[in-house]
Amino acid sequence: MSKFHPDQARLADYVAGTLSYHETLMIAVHLHFCPECKAYVQGLEALGGVLLDDLPGEPVSDSLLQATLNAIESKPEAERRTEPSYRHPEVPAPLQKLVPSGFDTLPWRKLLPHLQVCDIEISPNGPKISLHRIRPGGRIPRHTHRGDEYTVVLKGGFSDSLGDYNPGDFLYRSGEHEHEPVAAESEECICLTVTEEPLKMTNWKWRWMNPFLS
Ligand SMILES: [Zn+2]
């Protein structure tokens, strides 16, 4: 079960279709893991995107939302959405188009001793969608991100000074945030990230790398 979720305003924007392609993708991947947010989104969808468009920022009353969620839960099983099955079950459905052959066949490049990176989509002036793969117990030197960054954990887990993150956890960090992630010892960690700009090493030992990280 995910512990870190997108906030409700962002989920409402997702339903209303007002998020960027990149934010939409990250929320969709989180929903793949998180029944709690998925139920919330389905409740909002049932209330209607038109209503959301007309009332920007108006909170939906708890009683109305609960009534809608109850109506969804009382539907017969066959009427509920079912997840299609894919060839690579480790790849969440919203990522299947970008990672059609599974994680192991991607052209990973080694960025640091414990860290491999694969850019899966780069738009000329937009953010970059990448996968980061950290070896079990691997520590990434302290760094910051020169712009906003979204992360969803896909496999394994990592921790930093603010918490422990597991599959499905959704993180949004601004450019000022500095951290030093460490992967869990039990298995490799794979994260999906959207970054506006490349990361920037702040640990003095690794600052020489900054020109190579773009
Ligand atoms: Zn969630």
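The values are calculated or read from the model by the stated rules, or taken from the named source; none is laboratory data. Treat the numbers as computed from the prediction; the structure is a model and nothing was measured. Cβ placement follows ideal geometry from the backbone for every residue including glycine, while neighbour counts extend to all protein chains displayed. Accessible surface is based on the protein model in full, side chains and every heavy atom, while ligands, DNA and RNA are left aside. Shrake-Rupley method; radii C 1.70, N 1.55, O 1.52, S 1.80 Å.
Among the candidates 71, 67, the residue that is surrounded by 12 or more Cβ atoms within 10 Å (Cβ to Cβ), assigned to a helix (DSSP H, G or I) and modelled with pLDDT under 75 is uniquely 67. Listed by position, the helices (runs of 4 or more DSSP H) contained in the stretch 1-51 that have at least 2 residues being within 12 Å of the ligand (Cβ to nearest atom) and either open to solvent by less than 30 Å² (accessible area, probe 1.4 Å) or of a type in the set (A, V, I, L, M) (or both) are 21-33, 35-47.
Applying the condition of being within 16 Å of the ligand (Cβ to nearest atom) and modelled with pLDDT under 95 to the stretch 165-174 and asking which residue is nearest to residue 187 (Cα to Cα) yields 171.
With respect to the stated conditions, residue 153 fails to be at pLDDT 75 or above, part of a loop (DSSP other than H, G, I, E, B), over 19 Å from residue 19 (Cα atoms) and not basic (Lys, Arg). Residue check: is residue 25 touching a Pro at 6+ places or on another chain (Cβ under 8 Å) and either modelled with pLDDT of 90 or more or outside the structural domain of residue 150 (by TED's automatic domain parsing) (or both)? Answer is yes for this residue.
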